[in-house]
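Everything below concerns the one structure shown next.
The values are calculated or read from the model by the stated rules, or taken from the named source; none is laboratory data. Given the structure is predicted, the values throughout are model-derived calculations rather than measurements. Cβ placement follows ideal geometry from the backbone for every residue including glycine, while neighbour counts extend to all protein chains displayed.
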Amino acid sequence: MKKTLLLICTILTIGANSQTFNPDVNFDGTWITNSNYPAPEPLGWISTNVLTNSFASSSNPVSVTQSTNNCFGGSSMRIETKKFTLGALTGFLPDTCGFAMTGTVVISFSGARLVDGYPFTSRPTYLTYCYQAEPQPGDTCGLGVLFWKWNGSTRTIIGGGLNQYSTSNSSMTNATLNIVYTSTITPDSMAIYAGSSYKFPTTGTSIRKGAKEGSIFYVDNIFYPGVGVGEQNIFDIKLSVFPVPATNVLKVVADNNDAKNMVITDLSGKTIEKVMFENNTLNIPVTNYQNGVYLYTVIGSQGQTLKTGKFTVNR
């Protein structure tokens, strides 16, 4: 596991937190066009779409797109391994690859570097997400996560996890990524990595070695709970969820006009339903729910995660 974490860490030019906001992990919001290249990407993500910049080649293909193939919400992120002309990035990236990661690109006259990560101070034990993998023979798709502490010049790796898929599945499928910690330190940063070609070599540090053109990976609805059973207040919105436990109807009131939807999952990561706020309020019948604990994610108008937490049903 330690070797895997180090390999994940070294795919990039490492830097401090590259952004101060949380990325779109549902991929339903409006994708952003970077001023440095024309291909749009999800808010808070950087991908092989950066290779459409003229410092590589403006004729390079778009490899990461917003797809209607999804679990819920309308859209997912689709990554396809393609062949590129690298230009100024020759020697930095392989010419055949497909990836997206939370972060940004820094472009200057001296070239470009990719920086990952955003502020995060919890220690979740797992992520849940929805995916569909279509790797070419001999290739591997995957999703990974890394947590670290930044000391001003280097990272102290704290934990992470990786799921890889060498065979295809025929439809979008819910999955759990378990996180292993190698340190008791509280992280200050995390990053998520997704790739249509996500294969580790036996030696070296290239995360995309052996990529096969035409491999495809869809990912949707990445969810990471806070520590234990607590809530993760990403944008510090106030949310009232009552009664506790819920018996017939769960009522949710938000103080943030940006709250758009609430996604409810069980503890295995299975989506139960997605409901839309009306006047910052939800009234959710729970008479068909089994008794137990459920997790929720409040999603904003741009697809960003506003808050996560839990509630209990006991009828």
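Let's see how each residue does on (1) buried (at least 16 other Cβ atoms within 10 Å of the Cβ); (2) in contact (Cβ under 8 Å) with a residue 12 or more places away in the chain:
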position: Ala246; (1), (2): yes, yes
position: Lys251; (1), (2): no, yes
position: Asp255; (1), (2): no, yes
position: Asn261; (1), (2): yes, yes
position: Lys270; (1), (2): no, yes
position: Glu278; (1), (2): no, no
position: Thr281; (1), (2): no, yes
position: Thr287; (1), (2): no, yes
position: Val293; (1), (2): no, yes
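Just give me the residues in region 22-39 being part of a loop (DSSP other than H, G, I, E, B) and surrounded by fewer than 17 Cβ atoms within 10 Å (Cβ to Cβ), in sequence order. Explain how you work it out, then say what you get.
The initial filter retains those residues of region 22-39 that are part of a loop (DSSP other than H, G, I, E, B), namely 22-23, 25-31, 33-39.
Selection gives Thr30, Thr33, Ser35, Asn36, Pro38.
Select, from Thr184, Thr156, Thr176, the only residue that is in a strand (DSSP E or B), under 17 Å from Ser122 (Cα atoms) and out of contact with any helix residue (DSSP H, G or I) (no Cβ under 6 Å at 6 or more places or on another chain).
On the way: Thr184 fails: in a strand (DSSP E or B); Thr176 fails: under 17 Å from Ser122 (Cα atoms).
Answer to the selection: Thr156.
Pro61 fulfils the conditions (1) touching a residue at least 60 places away in the same chain (Cβ under 8 Å); (2) surrounded by fewer than 21 Cβ atoms within 10 Å (Cβ to Cβ); (3) not in a strand (DSSP E or B) except for a single criterion, (1).
Counting only residues that are closer than 15 Å to Gly44 by Cβ, assigned to a loop (DSSP other than H, G, I, E, B) and at pLDDT 85 or above, region 76-122 holds 1 of them.
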